[in-house]
Amino acid sequence: MLWGYEMDSRHMRHFVALAETLHFGRAAARMNMSQPPFSRQIAGIENELGVKLVERNSRNVSLTPAGKRFLEDSRGVLAQFDAACRDAQLVASGMKGELRLGFTMHAAHGTVPKLVRRYSEARPDVRLILEETIPTAIDEMLVDGKLDAAVTFAPHGVQLNSVSLARDRLSLIVPAGHPLAARKIVGAADLAGHSLIAAPATVAPTLRNAISDYHLAAGVVPSFIYEPRLQHTIVQLVAEGLGIALVPETVCSTLAEGVVAVSLRDPPAFDIVLVTPAVSSNPAVAPLVEVARRLRRG
């Protein structure tokens, strides 16, 4: 019975060789076989299928209608099988597959687009899944296997590796018309008495600690009035005149209308890094790390 026959790719390749040459001797030579065992292979296929695939006589070989259809289907199956083999090899080499890249909002303003472009040029057949999230979620998502890599602040997890991508620093943003908006540079002491908008430490501890330490080093106690999770929301609240904020300098490249950036004296600085699990089963990660290293070198 047809559905009980255990056909493998070798049987199909033998038949395709015969169908394309219409000569047992030449087909056997193509398959690196002598003619008698090759002929038995073809006869075995016909016996198992219970149909005649070729007409034979002393002068020529021709395909039966069933043989013509079997040739067409065999070519399709073999093409899919060969493609599956190639895909498996490409995925194993990191040339094809899928990579889940997380990032924090501040990184989306410069570092992530450059990294994504260069990686896509180097690995065009790897599908990048981009996921913007908060800094405190990234380490856990990497360890849990929900992300393959991420662009964020320097990690705290011992199970993570990192490659430095860029050095960022804090800048002051204020509403247009604010007393500090006309200043070219502002020191920590100048921030005394002003209401601050910043992400909470539970969301972005690196940023929150840098802001607090900058104030405290000058003897100024920071006064946080609003604590949204995202930098974009912080910028919008500043635009509404609800306070001032210290944000990564990269965020200042696309400020909302009515918001002015002012340089800080001796601003806090921090590394933006590509973070990956210490051990990854995804072959597409290693090429990303190499692209990140080249990006850092310029």
Query raised in the report: Under a point-charge model restricted to the Cβ atoms of Lys and Arg (+1) and Asp and Glu (-1), what is the dipole moment magnitude of the stretch 30-134 relative to its Cα centre, in debye to the nearest 20?
Result: 380 debye
Query raised in the report: Which distance in Å, rounded to a whole number, links the C-alpha centroids of the stretch 232-269 and the stretch 84-99?
Result: 43 Å
Report task. Calculate how steeply helix 35-49 sits against the longest principal axis of the alpha-carbon atoms of the chain, using the helix alpha-carbon long axis, and give the answer as 0 to 90 degrees to the nearest 10. Result -> 80 degrees
Query - Table column - 3J(HN,Hα) (Hz), the stretch 271-282, Karplus curve with 6.51, -1.76, 1.60, x for Gly and Pro - result: 8, 9, 10, 8, 10, 9, x, 4, 10, 10, 8, 8
Query raised in the report: What are the lysines whose alpha-carbon lies under 21 Å from the alpha-carbon of residue 146, with same-chain residues fewer than 8 places away excluded?
Result: 96
Query raised in the report: Here are several values of P(r) over Cα pairs in 10 Å bins from 0, in percent: (1) 7, 28, 36, 24, 6, 0; (2) 6, 21, 19, 13, 10, 9, 8, 7, 6, 1, 0; (3) 6, 20, 24, 16, 8, 7, 9, 8, 3, 0. Which one was derived from the coordinates shown?
Result: (2)
Requested in this report: Just name one of 241, 231, 210: the one whose Cα is farthest towards the positive end of the charge dipole of the stretch 167-270 (beta-carbon charges, Lys/Arg +1, Asp/Glu -1).
Outcome: 210
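Placing unit charges on C-beta atoms (Lys and Arg positive, Asp and Glu negative, everything else neutral), compute the dipole magnitude of the chain about its Cα centre in debye, rounded to 20.
Values: 31 positive and 29 negative charges, 262 e Å.
Here the chain has a charge dipole of around 1260 debye.
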Report task. Please determine, in degrees from 0 to 90 and to the nearest 10, the orientation of helix 285-297 with respect to the longest principal axis defined by the Cα atoms of the chain, where the helix direction is its Cα long axis. Result -> 40 degrees
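How big is the charge dipole of the stretch 148-298 about its Cα centre, in debye rounded to the nearest 20, if each Lys and Arg gets +1 on its Cβ and each Asp and Glu gets -1 on its Cβ? Can you show the working numbers first?
On the way: 11 positive and 11 negative charges, 78 e Å.
Using Cβ point charges on Lys, Arg, Asp and Glu, the stretch 148-298 gives about 380 debye.
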Report task. Kindly work out what percent of the DSSP beta bridges joining two residues of the chain are antiparallel, to the nearest 5. Result -> 60 percent
Query raised in the report: Counting each DSSP H run of 4 or more residues in the chain as -39500 (n - 2.57), what helix-only mean residue ellipticity at 222 nm follows after dividing by all residues, to the nearest 500 deg cm²/dmol?
Result: -12500 deg cm²/dmol
Report summary line: Relative contact order as a percentage, the chain, C-alpha pairs under 8 Å and 6+ apart, gives 21 percent
Requested in this report: Choose one of 21, 165, 282: the residue whose Cα lies farthest towards the positive end of the charge dipole of the chain (beta-carbon charges +1 Lys, Arg; -1 Asp, Glu; about the Cα centre).
Outcome: 21
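No value in this document is a laboratory result; all are computed from the given coordinates. This one's a predicted model, so the numbers in the text were calculated from it and none came from an experiment. Cβ atoms come from the backbone with ideal geometry, glycine included; neighbour counts cover every protein chain shown.
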